[in-house]
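Before any comments, here is the structure.
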Amino acid sequence: MSIMWEIESLKKYFPVQKGFIDRLVSRKTDYVKAVDGVSFSIRRGEVFALAGESGCGKTTTGMLMVRLIEPTSGKMSFEGRDISMLKGEELRRLRRKIQIIFQDPYASLNPRMKIGKTVGHPLEIYGLAKGPEKEKKVLEVLNEVGLTPPEKFVDIYPHELSGGQRQRAAVARSIILRPEFIVADEPVSMIDVSIRTTIIDLMLNLREKLGLTYLFITHDLAIAKYISDRIAIMYLGKIVELGEKTELFSNPLHPYTIALLSAIPIPNPERKRKPMKLKGEVPSAIKVPAGCRFHPRCKYATEKCKREEPTLIDRDGHLVACHYEIDV
Amino acid sequence: MVLLEVEHLTIDYKTRKGIVRAVNDVSFSMEKGETLGLVGESGSGKSTLGLSLLRLIPFPGVITSGNIRLEEKDILSLRDKEMRSVRGSKVALVFQNPMTSLNPVKKIGEHFVEFLRTHKPHLSKKEALEHSKKILDELGIPDERINDYPHQFSGGMRQRIMIGLAITLNPSLVIADEPTTALDVIVQDKILDLLRDLSRTHNMGLILITHDLSIVLERCNKIFVMYAGHQVEYGKSKELYRNPKHPYTQGLLRSIPNIELADQRLSAIPGSPPDMLNVPTGCPFWPRCPDAMKICKIKVPPITSLGDGHVVKCFLYGGKEP
């Protein structure tokens with residue numbers, strides 16, 4: 001498989017708003033290091049999952065790749081070209097190939113726009129089709145995402161749809177331009193459990209049919225395991241571990257990954273899980289611990305971990321950023 | 001010993017658009033110290049059922065029929081004043097959102113003191129503070145933090161405090177409504193451990209209301225599945241897991257991922273949950289049910305007992321013949 005994305009040392013720091021007095025007293029600005037040097041690549045045709053707890057920087061990474069926010073530093077190559085600084089017409093053309101599906105289908109669809117208009121809007125923006133031709137394309141796409149019969153859905157407003165149907169409409173909008181890459185930011189976390197699978201299966205079918213590549217952002221590792229090919233685990237703005245999903249789940253190496261996986265409830269009353277307990281809580285992204293950022297919570301931490309930040313080391317496609325190999 | 005008995009409970013919300021029957025003829029019972037998982041999707045009536053046990057259903061909700069007995073006391077016939085003393089001391093509630101359910105302008109200690117002295121007016125402020133420190137200790141929160149404000153705590157810590165408040169008066173039943181939905185998985189695990197440990201040490205009954213079947217399967221003795229206000233299946237967790245009877249329970253079990261299984265195939269339940277203003281006649285699940293029969297569309301199925309406390313509300317298991 002060829003490489004579609006090459007992300008290198010990507011950073012995004014958000015300045016912290018200060019009160020009036022603080023601004024007078026000190027000139028130094030604090031930063032939230034939301035994404036703090038992230039590198040990975042995405043292969044064409046794969047589902048790449050970014051997983052981690054809230055505040056780990058997974059959504060910010062996705063927003064950076066769609067260029068909804070500007071990176072502080074780093075490179076993002078899409079199909080061999082650095083897109084991190086694109087502007088104007090070039091950026092507009094890029095966005096035809098890169099789309100996003102947001103978490104909350106109750107907020108991401110304009111309540112005053114009929115579904116047909118929302119879904120067909122990208123065609124208008126790019127001047128690709130209008131009139132009957134546009135309508136035909138909209139009907140086709142609605143059909144593709146399972147909003148059938150499409151004629152019924154074109155003329156209604158989002159409030160007339162269920163959560164699952166809304167998310168299907170959001171998917172329809174994201175694929176109507178026939179993009180190559182889609183960022184899906186927690187697309188099923190607001191959807192009822194009994195119908196989550198239908199949305200995930202829809203996304204997987206569309207990948208086959210349209211040759212899509214996904215970045216799937218989620219806090220739910222069980223879903224990440226179901227949908228993705230490879231998973232990267234983020235902690236406090238950095239990737240701590242990355243690998244093929246079966247390898248990652250059967251042989252997690254980073255202590256944080258081990259703790260995270262062992263905290264997931266197993267839907268089986270006959271199974272007794274043995275979680276690895278972690279000390280404390282995730283520190284603030286303003287004051288990131290020195291050395292390995294996980295060391296204050298790690299039971300294996302040594303002096304070296306407090307001083308030196310580990311880098312991601314590749315072991316046959318399974319990457320881990322930890323100073324020590326751990327046998328658990 | 002029986003802790004809680006709910007019989008034929010029905011709750012309506014009388015809205016301008018029509019009547020929403022949020023809880024429809026629900027019956028179950030709980031033993032002392034037992035953990036019951038109440039599962040269902042959004043709008044299934046699980047939270048309303050939980051709130052009704054404290055008589056805290058928001059307007060325009062009304063209990064139209066049924067009985068609730070807590071330690072043999074008839075909750076629905078109590079006067080408001082008597083009910084107020086039952087809340088907190090016999091049955092307590094842990095809310096879903098720890099960010100909004102603590103008072104932001106009150107120190108943590110004040111929350112405990114206010115709560116304690118409302119129920120036990122003879123306590124001095126000092127005694128109440130001493131008692132609060134003991135509870136904080138049980139929650140794993142250093143007692144010097146008693147003078148901190150809620151915003152100084154993380155989400156997980158705040159939920160610990162909420163749980164602490166709930167157990168302050170040693171109630172015999174704690175209802176936790178989606179206690180970990182706003183929390184990350186590692187924190188969730190710790191909070192659920194805390195609830196389990198506290199319910200064991202204090203011999204409390206615990207009702208865990210959640211949409212997450214995995215949590216309930218792992219942590220509850222019994223599971224009560226709701227759909228569109230109806231109880232669809234109720235029984236011991238192991239039994240429900242091994243032998244799910246209702247097509248809805250079967251569908252739910254097939255739709256949840258298990259990270260321990262390789263190459264798991266998941267399947268969804270077709271369709272989506274009904275609009276509660278417009279619930280289908282008969283069994284509310286029939287439009288989505290793979291086994292629906294003619295009678296399901298006409299009549300509400302009776303509750304059939306399958307033995308050993310396992311009950312199911314489905315015509316597949318009885319009630320077809322008049």
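The values are calculated or read from the model by the stated rules, or taken from the named source; none is laboratory data. Because the structure is predicted, anything quoted here is derived from the model rather than measured. Because the Cβ atoms are built from the backbone with ideal geometry, glycine has one as well, and the counts that use them run over all protein chains shown.
For first residues located in the stretch A:122-138 and aliphatic (A, V, I, L, M), partners that are in a helix (DSSP H, G or I) and surrounded by 11 or more Cβ atoms within 10 Å (Cβ to Cβ) and lie 6+ apart or on another chain with Cβ distances below 7 Å form the pairs A:123/A:134; A:123/A:137; A:129/A:123; A:129/A:137; A:138/A:116; A:138/A:119; A:138/A:120; A:138/A:154. The residue that is surrounded by the fewest Cβ atoms within 10 Å (Cβ to Cβ), counting only those in the stretch B:209-220 that are of a type in the set (A, V, I, L, M, F, W, C) and facing chain A (nearest Cβ under 7 Å), is B:215. Which numbered condition trips up residue B:30, out of (1) of a type in the set (A, V, I, L, M); (2) over 28 Å from residue A:188 (Cα atoms); (3) surrounded by fewer than 21 Cβ atoms within 10 Å (Cβ to Cβ)? Going through (1) of a type in the set (A, V, I, L, M); (2) over 28 Å from residue A:188 (Cα atoms); (3) surrounded by fewer than 21 Cβ atoms within 10 Å (Cβ to Cβ) one by one, residue B:30 breaks only (3). Within the stretch B:258-276, restricting attention to residues that are under 19 Å from residue A:148 (Cα atoms) and at the interface with chain A (Cβ under 7 Å from one of its Cβ atoms), the residue that is nearest to the chain's Cα centre (by Cα) is B:273. Take the conditions in contact with a helix residue (DSSP H, G or I) (Cβ under 9 Å, 6 or more places away or on another chain) and modelled with pLDDT under 95 and apply them to residue B:162. Does it pass? Here the answer is no, as residue B:162 does not meet what is asked.
Would you point out the residue of the stretch B:209-236, among those that are in a helix (DSSP H, G or I) and not small (Gly, Ala, Ser), that is nearest to the chain's Cα centre (by Cα)?
B:216
Residue-wise test of (1) among the aliphatic types (A, V, I, L, M); (2) within 15 Å of the chain's Cα centre (by Cα).
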residue	(1), (2)
B:10	no, no
B:15	no, no
B:49	yes, yes
B:52	no, yes
B:55	no, yes
B:62	yes, no
B:79	no, no
B:82	no, no
B:103	no, no
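For the stretch B:162-201, the candidate set comprises residues that are away from chain A (no Cβ under 14 Å) and out of contact with any strand residue (DSSP E or B) (no Cβ under 9 Å at 6 or more places or on another chain); within that set, the residue that is farthest from residue A:52 (Cα to Cα) is B:170. Of the numbered criteria (1) closer than 16 Å to residue B:186 by Cβ; (2) among the aromatic types (Phe, Trp, Tyr); (3) surrounded by fewer than 18 Cβ atoms within 10 Å (Cβ to Cβ), the one residue A:256 fails is (3).
Taking the stated definitions as given, is residue B:284 of a type outside the set (Gly, Ala, Ser), assigned to a loop (DSSP other than H, G, I, E, B) and modelled with pLDDT of 95 or more? Before you say what the answer is, go through the steps one by one.
On the way: of a type outside the set (Gly, Ala, Ser): yes; assigned to a loop (DSSP other than H, G, I, E, B): yes; modelled with pLDDT of 95 or more: yes.
So residue B:284 fits the description; yes.
None of B:229, B:271 is at pLDDT below 90 and under 25 Å from residue B:304 (Cβ atoms) except B:271. The set of residues in the stretch A:140-161 that are without any contact (Cβ under 8 Å) to a residue 12 or more places away in the chain and either buried (at least 23 other Cβ atoms within 10 Å of the Cβ) or closer than 20 Å to residue A:196 by Cα (or both) comprises A:143, A:148, A:160. Here residue A:222 meets the list (1) modelled with pLDDT of 95 or more; (2) under 27 Å from residue B:217 (Cβ atoms) almost entirely, failing just condition (1). Among the residues of the stretch A:241-276, those that are more than 19 Å from residue A:56 (Cα to Cα), in a loop (DSSP other than H, G, I, E, B) and either within 8 Å of chain B (Cβ to nearest Cβ) or without any contact (Cβ under 8 Å) to a residue 24 or more places away in the chain (or both) comprise A:265, A:266, A:267, A:268, A:269, A:270, A:271, A:272, A:273, A:274, A:275. The condition of being closer than 27 Å to residue B:71 by Cβ, more than 14 Å from chain A (Cβ to nearest Cβ) and assigned to a loop (DSSP other than H, G, I, E, B) holds for only one of B:123, B:206, B:102, that being B:123. Taken together, the residues in the stretch A:277-298 that are surrounded by fewer than 20 Cβ atoms within 10 Å (Cβ to Cβ), assigned to a loop (DSSP other than H, G, I, E, B) and away from chain B (no Cβ under 14 Å) amount to 6.
Please go through the stretch B:237-257 and give me each residue that is more than 7 Å from chain A (Cβ to nearest Cβ), among the hydrophobic types (A, V, I, L, M, F, W, C) and either more than 23 Å from residue A:263 (Cβ to Cβ) or in a loop (DSSP other than H, G, I, E, B) (or both), ordered by number. Listed by number, the list holds a single entry, B:240. With a requirement of 3 or more residues that are at pLDDT 95 or above and closer than 30 Å to residue B:210 by Cβ, the helices (runs of 4 or more DSSP H) lying completely within the stretch A:111-198 that satisfy it span A:163-175. Of all residues in the stretch A:173-192, those that are among the hydrophobic types (A, V, I, L, M, F, W, C), crowded, with 21+ Cβ neighbours inside 10 Å and within 13 Å of another protein chain (Cβ to nearest Cβ) total 2.
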